[in-house]
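Working notes, beginning with the structure itself.
The values are calculated or read from the model by the stated rules, or taken from the named source; none is laboratory data. Given the structure is predicted, the values throughout are model-derived calculations rather than measurements. Counting neighbours? That spans all protein chains shown, and the Cβs are built from the backbone with ideal geometry, glycine included.
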Amino acid sequence: MATLEIKDLHVAVQDMQDADATKEILRGVDLTVRAGETHAIMGPNGSGKSTLAYAIAGHPKYTVTSGAILLDGENVLEMTVDERARAGLFLAMQYPVEVPGVSTSNFLRSAATAVRGEAPKLRTWVKEVKQAMSDLDIDAAFAERSVNEGFSGGEKKRHEVLQLSLLKPKIAILDETDSGLDVDALRVVSDGINSYRADGDVGVLLITHYTRILRHITPDHVHVFAGGRIVASGGAELADELEEHGYVRFAGVTT
Amino acid sequence: MTETLVPARSVPAGSRGERFTSYDVDAFEVPGGREEEWRFTPMRRLHGLHDGSATLDGAAEITVTSGPDAAGVTVETVGRDDARIGDGGVPSDRVAAQAWSRFETATVVTLDGTPAPVTIALAGPGAGNTSVAHLHLRTKPHAEAVVVLDHSGSGTLASNTEVVLAPGSRLTLLVVEDWADDAVHVGAQHVSVGQDATFRAVAVTLGGDLVRVSPTVTFAAPGGDAELAGLAFADAGQHFEQRLLVDHAQPNCRSNVVYKNALQGRDAHTVWIGDVLIRAAAEGTQSFELNRNLLLTERSRADSVPNLEIETGEIAGAGHASATGRFDDEQLFYLQSRGISESQARRLVVRGFFGEILNKITVPELRDRLETAIEAELAAIGS
């Protein structure tokens with residue numbers, strides 16, 4: 001049973017205006033995500049939600065100034081980005097990166113080989129990928145295209161969820177996976193996430209600005225993020241309250 | 001004493017159609033390094049090839065190996081007066097003319113029928129030595145042949161390679177420049193494509209201190225088809241320069257140029273000049289040229305100058321594209337976030353980048369060897 005523990009996490013980013021200065025974005029985040037649980041993190045723009053996601057994944061732009069991140073007791077902060085992924089962390093990105101020249105099929109197989117510790121058997125692998133792609137309404141031709149290159153916003157998000165289902169992480173962080181999706185795409189993507197949740201003991205950290213994805217994916221816990229920390233936590237009903245009243249109570253803003 | 005102020009001589013690119021050519025080295029001025037055709041080249045590293053100060057104190061060794069059945073392959077060593085010399089073209093820079101003025105014997109390889117792949121190994125004159133070399137490849141009408149021209153070794157070399165395609169013939173020329181770290185090679189290729197002939201070239205540059213290769217393709221008659229592909233992998237301090245000219249003066253010919261360079265390490269430098277000239281008579285021409293450069297590390301430099309001159313509106317199509325990009329931190333992060341290690345990520349990106357070019361190498365053993373060499377280059381910086 002995997003557990004991700006985030007303890008009093010402080011994270012800074014380099015100031016865009018002044019190279020020598022840093023700006024603190026996360027100011028003491030405490031959160032524990034256990035396998036089988038789905039946590040939604042909601043908050044206004046600029047509250048630090050995405051920073052939390054990237055800090056867990058290990059993006060070099062963000063510096064952890066104090067606090068801890070542990071996966072099953074192991075110190076995640078001492079791991080490289082790829083070690084974190086191999087340890088069972090997965091980040092579905094809000095803006096997946098285009099990698100020209102690297103075919104999606106080659107990328108998926110390389111990633112699966114790295115995460116599973118051995119190359120998947122070719123025959124079962126091809127079948128597995130085909131099935132996963134068809135479940136997400138992804139055209140088979142995508143396998144031969146360069147990673148994310150020329151993909152529409154919705155195609156990129158499906159491609160992220162495809163990786164989720166193939167790489168089978170213990171803890172999945174979904175950073176605004178719902179943004180930019182139309183109603184149909186949102187349903188397909190949500191179904192994909194739900195079916196992965198149903199298959200195994202995964203802990204999900206769902207970062208979102210809007211409540212609409214929570215109608216498809218029911219969270220066990222909802223946390224409100226403002227000013228770089230969690231300011232309120234509750235059950236699914238907290239999302240309904242946010243839907244009605246916005247974030248004004250927590251952040252003094254209405255967006 | 002009167003001083004006359006002479007404005008600094010600016011060197012306009014000029015039309016490629018009016019470029020000067022001569023077999024005679026003395027017909028060219030000694031380049032100073034500011035001329036358009038020399039401005040990217042570190043002249044001091046030419047060891048005097050350009051200004052006549054080089055002493056030809058060595059000899060490049062040329063070894064021709066044909067397949068088990070040598071039928072259709074004729075190898076000759078001929079003197080300067082052989083009537084065929086010059087069929088490919090005329091030098092257009094001083095180093096090529098220098099090599100042309102000084103060579104004593106040329107190796108002529110004639111290809112007829114459908115011979116097995118021929119390998120021409122050209123070894124440099126050895127560290128500290130300088131030499132010139134002259135190669136002449138020609139096909140008989142309707143021949144179909146593959147030639148591997150494999151450069152290696154040490155020293156300084158100025159060479160001319162003539163390639164003359166007879167009507168209806170098809171030649172694939174795979175050129176490897178895999179020199180030792182000290183080597184300097186300034187090479188000119190003079191390619192003449194006959195009526196309805198097909199020329200396929202792949203140039204792979206992996207090693208050497210300074211490698212500057214200038215292929216010029218002309219069409220002797222209508223219906224010719226030339227594809228020039230290339231890749232270079234420049235490490236710290238290496239200067240690899242490719243200067244291509246495709247000169248369309250005949251109607252209904254086709255040309256396609258695609259060159260890709262990867263650079264890693266401090267002061268790795270690649271230069272790609274892609275000139276395509278479509279003269280008034282060259283109606284129905286179809287032409288495209290593309291250059292892509294991938295900077296794997298900081299402090300490396302890729303220059304790319306595509307140049308398309310069109311003197312007739314009656315063409316099938318012409319275009320060019322050039323782009324230089326970095327393997328950036330975001331791509332690395334994305335691949336790593338999927339469990340892929342940094343060195344593996346670099347390999348994936350470079351393999352993907354070069355794949356299109358390597359796939360054109362139709363000799364599997366050579367392709368394997370070059371893929372291994374590229375992996376080794378990557379491993380050098382690796383992790």
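Residues in segment B:319-349 that are more than 23 Å from A:Glu118 (Cβ to Cβ), more than 7 Å from chain A (Cβ to nearest Cβ) and touching a helix residue (DSSP H, G or I) at 6+ places or on another chain (Cβ under 8 Å): B:Phe327, B:Leu332.
Those strands (runs of 3 or more DSSP E) of segment A:6-99 in which 1 or more residues are closer than 24 Å to A:Ser110 by Cβ occupy A:62-71, A:89-92.
Here is a yes/no grid of residues against (1) touching a Pro at 6+ places or on another chain (Cβ under 8 Å); (2) at pLDDT below 95; (3) within 18 Å of B:Gly207 (Cβ to Cβ):
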| site | (1), (2), (3) |
| --- | --- |
| B:Ala106 | no, no, no |
| B:Leu111 | no, no, no |
| B:Thr139 | no, no, no |
| B:His142 | yes, no, no |
| B:Leu157 | yes, no, yes |
| B:Leu165 | no, no, no |
| B:Val191 | yes, no, no |
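Within segment A:117-159, the set of residues being in contact with a Leu (Cβ under 8 Å, 6 or more places away or on another chain) and either assigned to a loop (DSSP other than H, G, I, E, B) or among the charged types (D, E, K, R) (or both) comprises A:Glu128, A:Leu136, A:Ile138, A:Lys157, A:Arg158.
Kindly evaluate A:Asp30 against the criterion of being out of contact with any strand residue (DSSP E or B) (no Cβ under 7 Å at 6 or more places or on another chain), acidic (Asp, Glu) and away from chain B (no Cβ under 14 Å). Explain how you work it out, then say what you get.
On the way: out of contact with any strand residue (DSSP E or B) (no Cβ under 7 Å at 6 or more places or on another chain): no; acidic (Asp, Glu): yes; away from chain B (no Cβ under 14 Å): yes.
Spelling it out, it is not the case that A:Asp30 is out of contact with any strand residue (DSSP E or B) (no Cβ under 7 Å at 6 or more places or on another chain), acidic (Asp, Glu) and away from chain B (no Cβ under 14 Å).
Quick check, is A:Val99 within 11 Å of chain B (Cβ to nearest Cβ), touching a strand residue (DSSP E or B) at 6+ places or on another chain (Cβ under 8 Å), surrounded by 15 or more Cβ atoms within 10 Å (Cβ to Cβ) and of a type in the set (Val, Ile, Thr)? Here the answer is yes, as A:Val99 does meet what is asked.
Taking the conditions (1) modelled with pLDDT under 95; (2) away from every other protein chain (no Cβ under 14 Å) in turn, A:Val64 satisfies each one other than (1). Scanning segment A:109-128 for residues that are closer than 27 Å to A:Ser190 by Cβ and within 14 Å of chain B (Cβ to nearest Cβ) yields a total of 6.
May I ask you to verify whether B:Val276 is modelled with pLDDT of 95 or more, surrounded by fewer than 20 Cβ atoms within 10 Å (Cβ to Cβ) and either within 12 Å of another protein chain (Cβ to nearest Cβ) or in a strand (DSSP E or B) (or both)? Here the answer is no, as B:Val276 does not meet what is asked.
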